[in-house]
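Worksheet for the structure shown next.
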Amino acid sequence: MKAIGVRRRGVALDHERESSLVAEDRDRRRAIVGSPLEIEVVDEESGECLDVGSLQIEMVELHETSADVRPLEIAGHTPWWRDKGSRMEWLGLTGTNLPFFDRVDGSISFALMTERALVLAGGGVAGIAWLLGLVDTLRAEGVDITAPDLIIGTSAGACVGAQLATNQLAAAIALQDSDSEIYVDVDLQDFIAKAGELSKGAADEADLMRRFGKAALDAKTVTESERRAVVAARLPSHAWPEQPLRLTAIETASGELVVFDRSSGVSLVDAVTASCAVPLVWPPTTIGAKRYLDGGTRSFSNADLAVGYRRVLIVIPTAPNPILEQKLAAELERLGDVRTLVVKVDAESAATIGPNPLDPSRRKPALDAGRRQGRTVAGDVRTFWT
C-alpha cells in the first residue's frame, strides 16, 4: 500500500468541508455537484505528482441504507459511492488511469487500491476452521490469498479476516485445539427456518433486521463478557492491521448495516465480536450506546461491499441453501462487470461440518476438510488470483 493524497487545485479534497462541490437535497435524496474537479494525485512522502485528471460530477443518487451502492457516470467512467449519512464514501473509479481510493472521509490520506478483494463469509466455529484449512493449503500450493487489497469479513469470516490481516494464520490454526469455545446446540437449517418466519410481513430489509435485533435482545444467552472473552481468545493479535479490513455488523435499533474498520474508533475484538453475534444464540454486542448483531443476519457474505474492485474472491464455509443462493446472486449482480470466483464447501465438507457449525468438536474435522478442498480448488484459485 502506498500513501497518496488527492488534491483539488492544491487543496486536499474534503467532502465534509467543500460544500461548494456537494450540495445535498435530503428531501429528494440527491447530491448535486456544480463544478468540475481538477484533481492531482500526489505521493505524500516524495510530493511527486503521480497523475492528474478532470472529473465532472452532475448528479449522485443517495439511497436509503448505507449498504445500498450504485454506480454513476463521471466523464464516461464508472465510480462508486455509498451514502454514509453525514458523508459520502468513495469506493473506486473504473475505466480511467486515475488510481482507486479506499475511501474519502475528510482526511487527505488514502490507500491505493489495485485489483483484488477477498470476501470471507459466515459459518460458525466449524466454518472458521474450514476457512483456515483452505487458506493454509492454498498457500502451500503456491496460492497466497492472505494479502489482497481488501478483506471483507462477516461472522466467521470476520474472525478469519482479522487473523489473516494480522498475519496470524499459523497461530490461528494452532488455536483450533483450544478449549475456550462454548458449545451451543444449533441446527443451521432450523435457524434458517426461524429466520424465514421472522421475515414474514417485513416492510424492507431494515425492518427485518430490526425484528432480528428485538428477538436477539430478548433471547436468553450467555453474558456479553463471556462471549467477548471467547472471541478475544480466537485472535492472536488484538490490534487493527494496516491491511484494509472491513467487518460487518447490524445495529439493532435501526437495522442498518455497519462496516467497522481501523478508522471506526472500535477495538478489533469488539468489531469481530459484533460481527459474530449470531441472533438468538449469542448476545448483541454493546459498543458505546448501541447494540450490534452478526453481519450475517443481512447476508452470509455481504459480497456487494466489494463493489469497485476488479477481482473478487468469495469464500463461503456454509452448505448451500436457497436463502444464501438468492442473496449471493443479488450481490454478484450488484458487483457489476467484474471478475468473481465463488468457493463454497462441497458436499464432503458440508457432511464433515455437520448440521451444527457452532459445535467446537467439529473444528478439527472441518480444518482437515478445508485442507482437502484447498487442494481441489487450488488450480482454479491460482488462475483467478494470480
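7 Å from Cα along Cα→Cβ at both K220 and D179: what's the point-to-point distance in nm?
2.7
Work through the residues other than R310 whose Cβ is under 12 Å from its Cβ and net out their charges, Lys, Arg +1 and Asp, Glu -1.
Working: positive: R116, R311, R339; negative: E115, D149, D337.
Local net charge: 0.
Given a Förster distance of 30 angstrom, what is the FRET efficiency for E197 paired with S361, based on the Cβ-Cβ distance and rounded to 0.05? Before the final figure, lay out the partial values.
On the way: r = 29 Å, r/R0 = 0.97.
It comes out at approximately 0.55.
At R0 = 30 Å, how high is the FRET efficiency between R139 and Q326 if r is their beta carbon distance? Nearest 0.05 is fine.
On the way: r = 32 Å, r/R0 = 1.08.
FRET efficiency, R139 to Q326: 0.40.
With a 10 Å radius around each residue's Cβ, average the other Cβ atoms per peptide and rank 298-309, 264-275, highest first.
Details: 298-309: 26.2, 264-275: 23.5.
Listed from highest to lowest mean packing, they are 298-309, 264-275.
Does the stretch 282-351 come out rounded, prolate or oblate, given a ≥ b ≥ c as the square roots of the eigenvalues of its C-alpha gyration tensor, rounded meaning a/c under 1.5 and, failing that, prolate meaning a/b above b/c? Show your work: numbers first, answer last.
Working: a/c = 2.36, a/b = 1.29, b/c = 1.83.
It comes out oblate by the Cα gyration axes.
Given a cut-off of 23 Å, name the pairs among K194/K364; K200/K290; K220/K290; K220/K364 whose C-alpha atoms lie farther apart than that in the structure shown. Walk me through the intermediate numbers first.
Values: K194/K364 28 Å; K200/K290 26 Å; K220/K290 19 Å; K220/K364 29 Å.
The answer is K194/K364; K200/K290; K220/K364.
Taking the Cβ of I173 as the center, what net charge do the other residues with Cβ under 14 Å away carry, scoring Lys and Arg +1 and Asp and Glu -1? If you can, show how the numbers build up before the last one.
Numbers: positive: R139, R234, R363, K364, R371; negative: D136, D177, D368.
Taking every other residue near I173 into account, the sum is +2.
Arranged from highest to lowest average of other beta-carbon atoms within 10 Å per residue, in what order do the peptides 187-193, 317-323 appear?
Numbers: 187-193: 13.7, 317-323: 18.6.
Result, highest mean first: 317-323, 187-193.
Between D337 and T386, what's the calculated FRET efficiency when r is the beta-carbon distance and R0 is 35 Å? Round to 0.05. Before the final figure, lay out the partial values.
Numbers: r = 21 Å, r/R0 = 0.60.
In this case the efficiency is close to 0.95.
Using the per-residue mean of other Cβ atoms lying within 10 Å as a proxy for protection, in what order, highest first, do the peptides 148-160, 283-295, 344-356 fall?
Going by the mean number of other Cβ atoms within 10 Å, highest first, we get 148-160, 283-295, 344-356.
Read-outs throughout are calculated quantities, based only on the coordinates presented, and are distinct from any laboratory measurement. The structure displayed is predicted, hence computed values, not measured ones. Note: ideal-geometry Cβ built from the backbone for every residue, glycine included; neighbour counts use all protein chains shown.
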